[in-house]
Each structure stands twice: as C-alpha cells, then as structure tokens.
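The values are calculated or read from the model by the stated rules, or taken from the named source; none is laboratory data. Being a predicted model, the structure only gives us computed values, none of them experimental. Counting neighbours? That spans all protein chains shown, and the Cβs are built from the backbone with ideal geometry, glycine included. Heavy atoms of the whole protein, side chains included, go into the accessibility calculation; ligands, DNA and RNA do not. Shrake-Rupley method; radii C 1.70, N 1.55, O 1.52, S 1.80 Å.
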Amino acid sequence: MSRLSGKIAVVVGGQGGIGGAIAERFAAEGAAVYATSRRAEEGDVGHGAGTLRTRRVDASDVAALAAFFEAVRREAGRVDVLAVSAGIAEFATLDAIGEDHFDRTFGLNVRALLFATKAATAIMPDGGSVVLVGSIAGGIGTKGYGVYGATKAAVRSFARTWANELAPRNIRVNVVAPGPTDTAMMAAASDEVRQTLKTLIPLGRMGRVDDVAAAALFLASEEASFITGAELPVDGGMAQV
Ligand SMILES: NC(=O)c1ccc[n+]([C@@H]2O[C@H](COP(=O)([O-])OP(=O)(O)OC[C@H]3O[C@@H](n4cnc5c(N)ncnc54)[C@H](OP(=O)(O)O)[C@@H]3O)[C@@H](O)[C@H]2O)c1
C-alpha cells in the first residue's frame, strides 16, 4: 500500500464523493495529500501510510485556487500528482438553458479545471501525473445534460492536448470517466431514474466511489507510466458495450 509513497498530491474537490475517495486512497498509498473543499474543516491528519490535509478553497474561484497552490508550493515545494474532481451536473434541456447555468457549469468543470492544472503543472517536477475526472456523459447525449456533457467533452479534449504539451517533461495527463456513481450528485436523482440507470449498466449496479478512486490511483501511479492522453471509463460497461 505505498504506490504513492513520498509523493505530494493535490485533489481539487477532495472532500466527499469521488474526490474524497481519491484523496483518501492517495493518502492510504503513502502520499501527502492536500484536498480542497468549500466546506472543509481545515486540518492535517495521518491517513494510512500518508497524510491528508484539508484546505478550505472554493474550486470555482480561480484566484483562490492560485493562492492555494502558492501555499502548497511554500509548504511542500512541489505537486507530483494532481487530481481534479470538483464538478457540477445540473439538469436543463436546450429550451431551458440560461446563461447562469452555462457559466456556472463551464466555470467549474472547465475553466477552474484548466487553471488548477496550469497552476499545479507549473510546480510539478518531471515525471508527475495529472488525473482529470471526466464522465461518460462527455461521449453520449443524455437528455437534459447537454451543458454538463459538453464540459466533460472539453475535459477529454484538454487531456489530449496537455498530454502532448507536457510529454517532454514526462508528465502524464489522463481522464478517469465514471458512469453513474453513488454520491451526493446521484442522490439528487429520483428512485425511478436510479432504477432506470441500473438497467443500462451491464454489470447491474451503480459505481462506487472506491471503483473510481482505484482507477485514479492506477493512472496516477508508476504502473501507468506509459499511459498518457487516455480516458479510462469506470462505468460497469454502460457506454462501452
Ligand atoms: N456521481 C456520478 O455519477 C458521476 C459520474 C460521472 C462523473 N462524475 C464527476 O465526478 C466529479 C465529482 O462528483 P461527485 O459525484 O463526487 O459529486 P459530489 O459528491 O456532489 O461532489 C461535487 C464536488 O464538486 C465540488 N463543487 C460542487 N459545486 C461546486 C461549486 N458551485 N463551486 C465549487 N465547487 C463545487 C464539491 O466541492 P465542495 O466540497 O466545495 O462542495 C465537490 O468536490 C465531478 O466532476 C462529476 O462530474 C460523477
């Protein structure tokens, strides 16, 4: 359990849900993890072989993110591994999409993700790793989630470009793309929607946050040292068969 031993890791959106599971898994594997959340009780705790430091940051606020990464640089000197999980998914069909919905969704899922990755890779040594949390929604056309799906398609596209741009520094950039996963985001869906989703998943169940964290750990670790620019679906086969 020490695949990230000695690494400094940041998880943007690292409390609760998928990001929380990633932060805990990274720490369990020996990393010194900095996790952001708007709701965080700031604190530093030992977790498994590593440490988990929670910092109160609004991931949609690019200036706050910049200040956070500067604080990590002062404290830890570098970021070896970045995971970006903060994201929102709100329902709106084309006729109902307003500018606020668009700006809020792109502002967090795309704009903030871009500037977090820019800030982290500015202090990332050669050989580092970036894992972006996308979604299978980026490649399918789920009714009512057009803006959300477009943000995740943008994440997929960024990963390709950044993988190419950062390859000379041996920094790998990959996407983990969950299907429906049991988190607060999914709890907002009705029982009917949840039941319908299950019938669309070949493996017959919703994803668990630990399923996604395991894939993120793989992509972040040396075991994926020849994988970059890729998207790893964690969806029970939903968008694969
Ligand atoms: N659950 C799924 O079925 C599913 C499927 C595919 C992809 N994903 C992706 O997985 C990622 C994590 O989602 P989750 O399911 O773990 O959801 P979640 O438990 O609701 O977590 C949402 C995350 O986004 C942050 N966030 C939400 N609204 C925000 C806002 N207005 N401003 C700043 N930060 C905000 C939260 O940060 P705070 O701690 O600050 O609240 C938290 O880190 C997202 O990128 C999502 O698109 C989820």
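For the stretch 88-97, state whether one or more residues are more than 13 Å from the ligand (Cβ to nearest atom), exposed (fewer than 15 other Cβ atoms within 10 Å of the Cβ) and among the hydroxyl-bearing types (Ser, Thr, Tyr). Yes, because at least one residue in the stretch 88-97 is more than 13 Å from the ligand (Cβ to nearest atom), exposed (fewer than 15 other Cβ atoms within 10 Å of the Cβ) and among the hydroxyl-bearing types (Ser, Thr, Tyr).
In this structure, residue 105 does not qualify as buried (at least 17 other Cβ atoms within 10 Å of the Cβ), among the β-branched types (Val, Ile, Thr) and more than 16 Å from the ligand (Cβ to nearest atom). Taking residues in the stretch 135-152 that are closer than 21 Å to residue 212 by Cα and of a type in the set (Val, Ile, Thr), and partners anywhere that are assigned to a strand (DSSP E or B) and open to solvent by 40 Å² or more (accessible area, probe 1.4 Å), the pairs with Cβ atoms closer than 8 Å and at least 6 places apart or on different chains are 136/233. Across the stretch 38-69, the qualifying residues are those that are more than 13 Å from the ligand (Cβ to nearest atom) and without any contact (Cβ under 8 Å) to a residue 12 or more places away in the chain, and the one among them that is nearest to residue 129 (Cα to Cα) is 67. Against the test of being closer than 23 Å to residue 193 by Cα and among the aliphatic types (A, V, I, L, M), the options 116, 120, 96 yield a single qualifying residue, 96.
Here residue 24 meets each of (1) open to solvent by 20 Å² or more (accessible area, probe 1.4 Å); (2) more than 15 Å from the chain's Cα centre (by Cα); (3) under 25 Å from residue 181 (Cα atoms) with one exception, condition (2). All but one of (1) within 12 Å of the ligand (Cβ to nearest atom); (2) within 22 Å of residue 11 (Cα to Cα); (3) open to solvent by 30 Å² or more (accessible area, probe 1.4 Å) hold for residue 216; which doesn't? So the condition that residue 216 fails would be (3). The helices (runs of 4 or more DSSP H) found entirely in the stretch 119-208 that carry 1 or more residues being surrounded by 13 or more Cβ atoms within 10 Å (Cβ to Cβ) and not aliphatic (A, V, I, L, M) are 146-166, 191-200.
Annotation: residue 179 fulfils all but one of (1) closer than 27 Å to residue 100 by Cβ; (2) near the ligand (Cβ under 10 Å from one of its atoms); the unmet one is (1). Pick from the stretch 1-21 the residues that are more than 9 Å from the ligand (Cβ to nearest atom) and farther than 12 Å from residue 53 by Cα: which of them is surrounded by the most Cβ atoms within 10 Å (Cβ to Cβ)? Top of the filtered list is 4.
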